[in-house]
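**Q** Here it is, the structure, as structure tokens.
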Amino acid sequence: MNKEHKDAVQDTVTEEMMEETLENTPNTGERESAEEAVNPEQEIPVTESADEAGSAELEKLQAEVLEHQQRTLRVQADFDNFRRRTQKEKEDLGKYASSKLITELLPVIDNFERALQASEENPEFESFSKGVSMIFRQLESVLATEGLTAMKSVGEPFNPEYHQAIMQVESDEYEEGIVVEEVQKGYMLKDKVLRPAMVKVSM
């Protein structure tokens, strides 16, 4: 092989190797384009319909939260009312626990008073009257410690909460609608009317 032929073959091989190298080497512009296409930090534009859907869902959740809050407040208010009502009923039960017994004793007091009035009209029963009076005052004292008090009715304006009118009478001493006579005493147990007074009212 002569020298010229050898140089020609070598040049051909060199050109083929260079072409292959160029084919295997990625184009700089194409590589940059590919990197931009898969860049994870690139922001993906959000469509307007997705924004509207998210806003609607947020409003729905806020409405549900508000409803649950209002329901919780109503339940709390109902519970507070129930607790206060139960507490008051408990206090009233303890406060007026003796009302039934005292109510049954009121006719006894009435009879004691009648006996004392009758004995005052008969001097022969003076010693007996004193004994009965002592017993009556003792009973009154015991009942007073339980909160029992007699109403003052005569001369007071008629009040249906405290008085039971059994008759209307003419009176020169009192104006119309005033209690002129007490037929049967009324009693209060603390701040509660235990028995209204039976009275006559002026007309």
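**Q** Would you be able to say whether some residue in the range 60-72 is within 30 Å of Thr145 (Cβ to Cβ) and either at pLDDT below 75 or not in a loop (DSSP other than H, G, I, E, B) (or both)?
**A** no
**Q** Can you name every one of the strands (runs of 3 or more DSSP E) wholly within the range 88-203 that holds 3 or more residues which are out of contact with any Lys or Arg (no Cβ under 6 Å at 6 or more places or on another chain)?
**A** 163-169, 179-184, 192-195, 197-202
**Q** Using beta carbons and a limit of 8 Å, which pairs, at least six apart or on different chains, have the first residue in the range 130-141 and on the phi < 0 side of the Ramachandran plot and touching a residue at least 60 places away in the same chain (Cβ under 8 Å) and the second one outside any helix (DSSP H, G or I) and among the aliphatic types (A, V, I, L, M)?
**A** From the range 130-141, no pairs qualify.
**Q** A follow-up question, please. Out of Asp110, Asp78, report the one residue that is under 16 Å from Met188 (Cα atoms) and either out of contact with any Asp or Glu (no Cβ under 8 Å at 6 or more places or on another chain) or modelled with pLDDT of 85 or more (or both).
**A** Answer to the check: Asp110.
The values are calculated or read from the model by the stated rules, or taken from the named source; none is laboratory data. Just so it is clear, the structure is predicted and the values come from calculations on it, not from any experiment. Every residue, glycine as well, gets a Cβ built from its backbone with ideal geometry; the counts of neighbours run over all protein chains shown.
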